[in-house]
Amino acid sequence: MAKLGLAVGTSARFSCFFSNKSDAGSGRATRLGWILFPANPRCSSLATRWTAAAAAAVEAPPRSVDMGCAPVPREQVEIVQSLNGWVAENMLPLLNPVESSWQPHDFLPCSVAAPGASEEEALSAFTEGVAALRMGAAGVPDEILVCLVGNMVTEEALPSYQSMGNRTEGTADDTGASSLPWAQWIRGWTAEENRHGDLLNRYLYLSGRVDMRQVETTVHHLLRNGMEMLVPKSPYHSVIYGAFQERATFVSHVHTARLAGQHGDQALAKICGVIAADEKRHEAGYTRVCAKLFEVDPDGMVRALAHVMRGKVTMPGLLMSDGRDADGSLFERFSAVAQRAGVYTARDYGDLVEHFVRRWRVAELAGLSGEGRRAQEYVCGLPPKIRRMEELAHQRAARSELRPARFSWIFDRHVMVG
């Protein structure tokens, strides 16, 4: 799933935990850090109930931790610019050469004739390939299709994410063809990510399982609506967001691949697996540069991490709409389905936070300012709080009543959410 910064979703492209509520009474979603769960009473899922308890238990740190939306500190810009050589040595090698990279064509029925084959033979082979793909897709449950469409839609909004990357001070591709390593990373990342939406889009079209016009309408809306990111120019926030979003997307595609295989769709399992491998490489890039920045500027990075964990950055697919969701609940319903289907869950979010706190050795940071120490304490205290809230959520879910949620993507059929 596309990122830029999840994950999320997305993934991706996906839902989020902890933070502030936006536009009370306006129908907008409750934003909760990296996993956004439904605020709509009609989608009162496990996650919905979880959020109220989580918001109370994971109290936001003092305002002094919050970097706010003030201009990006000049020293941050200078630091990331000084890492261009480091990026060339440690991030650019993670991008695969075009010549050896997979392409969507490699995983779908071939529509052209092989050398020496007639048009009739080519059409027959293509028809057989499509029939085999549709046979595998026939066994995929609606809830998995909803998750797949939501992820694909988020991937297809890639132009918004590259635009956001090119607004980030210190790492932007100022000319559109800059030779600086940061700019090469953004373009190379975009080029690899672009294949994800193409592949998922073509699979869904050939599968015959979804209303492609409604899916395409949703992509259209999301690109028009854009991506809401409150601190879009901060390089520290951007790379932290990228690391979380890439890992969230990796997890989501891995789970989707597993579920597809369980339901007999080996083609989809392979597709999601190869996309997940890309996300893993991209995660490595963002994780590495974050680790480097924690070495160079631990105080600035831990404060930025606390800011991100408070949910000041929203998910890339948050503003998706199919044109029929007058209450703006499409992303909420998609997130609730992902939670119940096991594609991306509260447990996954907790694992993400725990992973990065450990990977970046946040608890071991020394020499911090007062604000930095408060941010460190807040971030290191999140994983156990998330675990406790997850346990409470599951206990309550056991007593919950399932409710239907309608999706135009699957011809207005309903899937059940908790």
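Where a number appears in this text, it was derived from the coordinates with a stated rule and is not lab data. Remember, it's a predicted structure, so these values are computed and weren't measured experimentally. We place every Cβ from the backbone using ideal geometry, glycine too, and count neighbours over all the protein chains shown.
Some values worked out for this structure:
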item	result
Cα→Cβ-extended label distance, 7 Å offset, between Arg413 and Arg388, nm	4.2
For Leu92, Leu318, Leu222, order by how many other beta-carbon atoms lie within 10 Å, fewest first	Leu92, Leu222, Leu318
In nm, spacing of pseudo-spin labels at Glu295 and Gln81 (7 Å Cα→C-beta vector)	2.2
Added length on full extension, which subtracts the Cα-Cα distance from 0.36 nm per residue, Arg347 to Arg399	16.8 nm
FRET E, pair Glu216, Ala191, Förster distance 25 Å, beta-carbon r, rounded to 0.05	0.65
Rounded Å value of the spacing that divides the Cα centres of the range 246-267 and the range 380-418	19
Measure of compaction for the range 273-354 (Cα Rg per 2.2 N^0.38 Å)	1.38
Order of His282, His355 under a 10 Å beta carbon neighbour criterion, fewest first	His355, His282
C-alpha center-to-center spacing [the range 279-323, the range 178-226] in angstrom	21
Computed over the range 89-242: relative contact order in percent, which uses C-alpha pairs under 8 Å that are six or more apart	30
Label point 7 Å beyond Cα of Arg224 along Cβ direction - residues of the range 301-330 with amide nitrogen under 14 Å	320-326
